[in-house]
Amino acid sequence: MIPISGLFKDKSYLDRLSQLSRASLMDRLDKKMAATTYDSDEVKKEQREIGTSQIQEGTEPKEDNFKTLIFDGSSAFTIRFDKYQVAPGVDGVIAISLPVSSIQDLVKPEMADIVGVTVLPAASPTPRPPTQTPQPPAATPQPSANLPAGEVNCAVEKCVALTFDDGPAAYTDHLLDILKENQVKATFFVVGRSAKIQPTTILRMAQEGHQIGNHTWDHPDLRTLSGEQVAQEFAQTDQLIAQITGQPPTNIIRPPYGAINDQVKKIAGRPIILWALDPLDWKDRDSAIVTARMSAAQAGMIILGHDIHRTTVDAIPAVIQALRAKGFKFVTVNALFAPNALQANKTYTAR
Ligand code: NI
């Protein structure tokens, strides 16, 4: 038996497991509550508070809380929680399933076979000491003739793709100003429900050359939905974006929490875009921290960020400056992989 900590490069896996399981368990709680009748709103509110604090406590980033991880060679792994750990005793042992890709950047290269992941070169979100010089990307030059004129060729240039999830929101237009000023193209994985409230922000994204991806209608854990519901989550958002932008539906999706299963993949029917660098900007609402983590990106990486957080948006000018100084080009997800077309049902984290 290998201790769980032995699978990972450092202790940051605990934060990741904590983050991912909280999202999944909160979703479970909400679903369970939606199917329950309560005597009053007060009782319901109280129950939700109890449930939430139990989840918070049971998923604190401590080794004790994550004793059982099950890898079966598929694209998902299971976290098993003890009875009483994250839910009332009557619920028994709780198991949640998460995509292996959501932890792949934290796995020790020598443990990759056990976990069944492809380990990316140094995909740690924390800045590395300068002694560990990153390997240059295996640049297999592609004929740039296949690329539209004026487009960066990421087969030979150092590229990164900035991606922003969960918007549009209050700071998205400010972010668009920053990107415009710096002539940076990014990719936005938008939530349909929010796009409906801010259609002009969506239109602006399209007009200013950013790529728009589908992040579902209201951000559920898609693995908990029926096939019909999953299809609806994508279709509703597709329709709205197409309606606002006047362009055909977006070719890429990002499932909330990076959570996928075979059903989701099949129904999505298009490339699934995850990330290689997660700056944990939802957790550390500190622009300096977010800047440092994003600035540690390496060539070919898809970088995750959330335009719903002011601190993330505020970090972007410094991130652009830092990465530009190292010779990076900022491209959309499609451009990162060009001239190769992204394939349906495949997951992507880096070029
Ligand atoms: Ni999201």
Tally up the residues in the range 180-196 that are in contact (Cβ under 8 Å) with a residue 12 or more places away in the chain, farther than 24 Å from ILE272 by Cα and either within 16 Å of the ligand (Cβ to nearest atom) or touching a strand residue (DSSP E or B) at 6+ places or on another chain (Cβ under 9 Å) (or both), please.
1
In this structure, does TRP275 turn out to be within 16 Å of the ligand (Cβ to nearest atom), of a type in the set (Phe, Trp, Tyr), closer than 19 Å to ALA161 by Cα and surrounded by fewer than 20 Cβ atoms within 10 Å (Cβ to Cβ)?
no
Mind telling me which of the residues ASP314, ASP281 ends up being within 14 Å of the ligand (Cβ to nearest atom), without any contact (Cβ under 8 Å) to a residue 60 or more places away in the chain, not aliphatic (A, V, I, L, M) and not in a strand (DSSP E or B)?
ASP281
Across the range 320-341, the tally of residues that are assigned to a helix (DSSP H, G or I), in contact (Cβ under 8 Å) with a residue 60 or more places away in the chain and in contact with a helix residue (DSSP H, G or I) (Cβ under 9 Å, 6 or more places away or on another chain) stands at 2
Given the structure, is ILE241 within 15 Å of the ligand (Cβ to nearest atom) and touching a helix residue (DSSP H, G or I) at 6+ places or on another chain (Cβ under 8 Å)?
no
Does ILE55 satisfy the condition of being part of a helix (DSSP H, G or I) and at pLDDT 85 or above?
yes
Note on the range 58-81: residues surrounded by 15 or more Cβ atoms within 10 Å (Cβ to Cβ), without any contact (Cβ under 8 Å) to a residue 60 or more places away in the chain and not in a strand (DSSP E or B) are GLY58, THR59, PRO61, ASN65
Counting only residues that are in a helix (DSSP H, G or I) and more than 14 Å from the ligand (Cβ to nearest atom), which one in the range 244-263 is surrounded by the fewest Cβ atoms within 10 Å (Cβ to Cβ)?
ASP262
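The values are calculated or read from the model by the stated rules, or taken from the named source; none is laboratory data. From a predicted model like this one, the values you see are computed outputs, not experimental measurements. Note that each Cβ is placed from the backbone with ideal geometry, even for glycine, and that neighbours are counted across all protein chains shown.
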